[in-house]
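In what follows, a single structure is set out as structure tokens and then discussed.
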Amino acid sequence: MVELDPLGHRLRYVRLLFDVLPPTERLLLVSPRVADSPEFATHLAGLETVRLSSDDHDRAVPEALAAASARGAAHLVIPDGDKAVRPLLRTLLRGSLTKARPRRPRVTVLLMRTALPGGPEPATVGMALKPALVAALRRLPGVRVRFLTDAFGVVTRRPGFPGVLPVRDPVTPVDDMPPGPRTSGRARLGVLGVVSARKNVPVLVRAAAARDDVDVVLAGRCEPDVRAFLEADPDAARLRAGGRLHVDDRLLDEDEFDAALRSVDVAAVLHDNDAPSGIVAESCARGVPVLGPDRGWIATVLEATGCGVGARVDDVGDVGRAITRVLADREHYVVSAQKAAGSLGTDDFVTGLLDDRA
């Protein structure tokens with residue numbers, strides 16, 4: 001298995017896959033960035049690891065394939081394969097022209113991002129080229145491509161990627177524990193995980209500052225631009241002074257993440273990128289309603305499951321009105337979230353990437 005990026009859920013995905021493999025079939029190939037990350041120490045310490053020479057995909061992907069081939073690996077899995085498509089395709093095409101080479105393993109590639117121009121995300125050259133590169137990669141013998149869908153399996157096909165099958169985002173079910181009633185008279189709205197600019201923290205802070213019944217909780221490592229906003233913004237300062245802004249800026253382990261999510265009344269997932277959200281599924285697993293976007297993949301999941309309310313993520317007033325709606329009928333959304341949680345699990349993800357019959 002090869003992983004070149006430590007952020008988000010990536011190393012947890014690797015751990016889930018490795019946990020079902022016998023020790024003799026485990027070999028992890030990682031970039032220096034992954035090997036030196038706190039996420040690696042949290043999720044993957046103790047595994048047999050080959051440290052690749054570069055963080056750059058153009059160099060690391062061919063090196064990983066060569067290392068797996070030299071060791072006689074039967075199967076190489078790339079569970080974060082978006083940036084690996086082009087270098088992998090180039091390497092495999094070059095290898096097909098070389099007569100003297102070790103037998104290469106089968107390759108399974110997981111696409112985490114399958115957005116196309118015209119959607120909610122800014123268009124890029126790579127976004128436009130990816131469908132053609134994926135189609136070419138899938139035609140090569142011994143190569144299998146999958147895409148990561150939402151944990152509920154709502155989205156089963158992606159425009160521009162015909163024939164690419166989904167695997168569900170893996171979320172481990174937890175014991176039923178509906179959030180307790182609010183005791184402070186205010187609701188806690190939480191932003192969890194890696195807290196980056198795309199999560200629209202300023203909009204949430206300003207919407208909360210305009211009312212007196214909402215606290216804001218940020219739990220997870222904040223990126224520098226979010227830290228700068230929290231230090232300089234007057235609304236953030238006003239919430240902090242009133243004991244209404246709570247920031248735990250660090251990498252949370254699984255138990256800490258679980259406790260943080262259970263402590264909030266509503267999870268704020270205010271980004272409308274066209275990709276699945278693990279936070280939405282993790283929230284449902286704990287019966288926590290979601291405040292999300294009104295368009296994009298997350299909005300599709302909210303509509304299908306009934307687990308939350310959508311808003312225009314760049315509109316403070318609309319976010320405020322959505323907060324009112326979700327709090328006014330919160331118990332209804334709790335029940336819907338708990339019902340949706342019944343479809344969560346990790347088997348589809350593991351089988352889809354490791355089982356040749358999938």
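Key figures
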quantity	calculated
Failed item, numbered, when R295 is tested on (1) within 25 Å of A115 (Cα to Cα); (2) surrounded by 20 or more Cβ atoms within 10 Å (Cβ to Cβ)	(2)
In the stretch 264-278, the residues that are modelled with pLDDT of 95 or more, out of contact with any Ser or Thr (no Cβ under 8 Å at 6 or more places or on another chain) and not in a strand (DSSP E or B)	V264, D265, L270
Close pairs from the stretch 300-316: first over 17 Å from E331 (Cα atoms) and open to solvent by 50 Å² or more (accessible area, probe 1.4 Å), partner in a helix (DSSP H, G or I) and among the acidic types (D, E), Cβ under 6 Å, at least 6 apart	R312/D318
Boolean, M127 is of a type outside the set (K, R), in contact (Cβ under 8 Å) with a residue 12 or more places away in the chain, touching a Pro at 6+ places or on another chain (Cβ under 9 Å) and farther than 20 Å from M1 by Cα	yes
Flag if A132 is exposed (fewer than 14 other Cβ atoms within 10 Å of the Cβ) and at pLDDT 95 or above	yes
Enumeration of residues in the stretch 20-44 that are over 21 Å from the mean Cα position of the chain (by Cα), surrounded by fewer than 14 Cβ atoms within 10 Å (Cβ to Cβ) and outside any loop (DSSP other than H, G, I, E, B)	P23, T24, E25
Of all residues in the stretch 225-240 being part of a helix (DSSP H, G or I) and of a type outside the set (A, V, I, L, M, F, W, C), the one that is least open to solvent (accessible area, probe 1.4 Å)	D235
Complete set of residues in the stretch 338-358 that are exposed (fewer than 14 other Cβ atoms within 10 Å of the Cβ) and over 18 Å from F18 (Cβ atoms)	G342, R357
The one condition in (1) without any contact (Cβ under 8 Å) to a residue 24 or more places away in the chain; (2) among the acidic types (D, E); (3) within 22 Å of P166 (Cβ to Cβ) that D56 fails to fulfil	(3)
Hits in the stretch 59-71 (condition: under 23 Å from G352 (Cα atoms) and either buried (at least 19 other Cβ atoms within 10 Å of the Cβ) or free of Cβ contacts under 8 Å to residues at least 24 places away in the same chain (or both))	V61, A64, L65, A68
Long-range neighbours under 7 Å by Cβ, at least six apart or interchain, first residue assigned to a helix (DSSP H, G or I) within the stretch 131-158, second at pLDDT below 95 and open to solvent by less than 30 Å² (accessible area, probe 1.4 Å)	none
Lone qualifier among R227, R295 - being at pLDDT 95 or above and basic (K, R)	R227
Output for the stretch 246-263, where each listed residue is among the aliphatic types (A, V, I, L, M) and either farther than 19 Å from L230 by Cα or outside any loop (DSSP other than H, G, I, E, B) (or both)	V247, L252, A259, A260, L261
Matching residues in the stretch 321-337 - criterion: being among the small types (G, A, S) and open to solvent by 70 Å² or more (accessible area, probe 1.4 Å)	A328
Test: T351 is more than 19 Å from the chain's Cα centre (by Cα) and modelled with pLDDT of 95 or more	no
Residue, nearest to G345 (Cα to Cα), within the stretch 279-294, restricted to residues that are aliphatic (A, V, I, L, M) and outside any helix (DSSP H, G or I)	V288
Residues of the stretch 262-288 satisfying the condition of being within 25 Å of L245 (Cβ to Cβ) and among the aliphatic types (A, V, I, L, M)	V264, V266, A267, A268, V269, L270, I279, V280, V288
Test result for L47, in contact with a helix residue (DSSP H, G or I) (Cβ under 6 Å, 6 or more places away or on another chain) and surrounded by 15 or more Cβ atoms within 10 Å (Cβ to Cβ)	no
Test for G243: is it of a type outside the set (A, V, I, L, M, F, W, C), within 20 Å of R211 (Cβ to Cβ), open to solvent by 10 Å² or more (accessible area, probe 1.4 Å) and in a strand (DSSP E or B)	no
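The values are calculated or read from the model by the stated rules, or taken from the named source; none is laboratory data. Predicted model, so just to flag it, every value in this text is computed and none were measured. For neighbour counting, all protein chains shown are included, and Cβ atoms are generated from backbone atoms with ideal geometry for every residue, glycine included. Note: areas computed on protein heavy atoms with side chains; ligands, DNA, RNA excluded. Shrake-Rupley method; radii C 1.70, N 1.55, O 1.52, S 1.80 Å.
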